[in-house]
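The values are calculated or read from the model by the stated rules, or taken from the named source; none is laboratory data. A quick note: this is a predicted structure, and the numbers were derived from the prediction, not measured. Note: ideal-geometry Cβ built from the backbone for every residue, glycine included; neighbour counts use all protein chains shown.
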Amino acid sequence: MKKTILSILFGIFTLVLMIGKVNAATTTLSNIDDSNEYFEKIANNGTVTLNLKKDASACLEIQNGENVILNLNGHNLNNVYNELCPTIKVLKGASLTIIGSDSNMISHTAVATDKSVTFPVILNDGTLNVQGGYILVGDKENSPYGIQNNSTGNLTISGGKITIGSAETFGVFNKGGNVKITDGTFIQGADANQPLVFNASGNIEVTDGTFRDTSGNQNTKSIGDTANAKTTIKGGTFEYQNVEEGSVTKQDIKEYLPSGYEIDDRGNVIKPANENEPTTSEENSQNVEENNNVKNPNTSDVIIYSLIAITISAIGLAFAYKKLHN
């Protein structure tokens, strides 16, 4: 009996140590101080800027109510040691903006012991703005997605670079949230056979950016989705690039283009000529009605104006007649 109790206590003690180890591996604003080896924290009017001091391995978590700018500052951020978390996690109610050059890498190389449990490089349940950095997705055993955007997530990509280098991985995986891509470079490597950006559910709108497939597999597009998703492309370049031949051909993404949009032979999305001055049918109807009112006044108005004119003329004639006979 005593031996059984000791075994149970030892098990609980080991579990507590394991939980403590996992929590200790998560970096949050609350445990970053002036002595932190990797991050410099600067608070200013409700926004916290984290400047990366040098190449670092971390599981960075942005929590509810926090508004953070992560400046890669010429360095790389990787998750090397902890398979139980993404490199960056943005919780619901949190906001993170990532800035840095396209050579500053964000990656996840901690190999999962349990192959059925893997994490993306970045997991977003809040508001994520990617303005720079280089998100590298290498192998599904490490991380199947570059950015996973969940149902409460709002993701905007306006710069930086995302590359997938192996089969069965996605650069961006939208799982019910909202995604806007206004710029950036997206590259499918030699062994890739999945879309760079995949919309499982939710909304994705692309207005610019370069999407390049160098895999040689022209059956794979840079954009993919399901029947439960809405994907719209209004700009950008979507190309297949044959590295050996140096040739470039377009990707067939017509299914995602709104009416009037086209794609040229080199993969550039062409907007309609009147795209910058849209006029709805309702506005057209209103304009026609206004023009008709000007050109064709109401019958009642014509009658009133005519009676006034007749009255004025009668008064004038009566005055002239009276003056003539006096």
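Do we find that Lys89 is of a type outside the set (Asp, Glu) and either over 21 Å from Asn31 (Cβ atoms) or surrounded by 18 or more Cβ atoms within 10 Å (Cβ to Cβ) (or both) in this structure?
Yes; evaluated as a whole, the condition is true for this residue.
Among the strands (runs of 3 or more DSSP E) confined to segment 85-136, the ones with at least 2 residues that are closer than 14 Å to Glu66 by Cα, within 17 Å of the chain's Cα centre (by Cα) and modelled with pLDDT of 95 or more are located at 88-90, 95-99, 127-130.
The set of residues in segment 228-278 that are surrounded by 11 or more Cβ atoms within 10 Å (Cβ to Cβ), within 18 Å of Asn217 (Cα to Cα) and more than 22 Å from the chain's Cα centre (by Cα) comprises Tyr240, Gln241, Asn242, Val248, Thr249, Lys250, Arg266. Set side by side, the residues Asp208, Asp252 differ, and just one is among the acidic types (Asp, Glu), outside any strand (DSSP E or B), modelled with pLDDT of 95 or more and in the same structural domain as Gly138 (by TED's automatic domain parsing), which is Asp208. Within segment 156-178, the set of residues being surrounded by fewer than 24 Cβ atoms within 10 Å (Cβ to Cβ) and within 13 Å of Ser215 (Cβ to Cβ) comprises Thr163, Gly165, Ser166, Ala167, Glu168. Does Ala24 satisfy the criteria of being surrounded by 16 or more Cβ atoms within 10 Å (Cβ to Cβ) and at pLDDT below 95? Criteria not met by Ala24.
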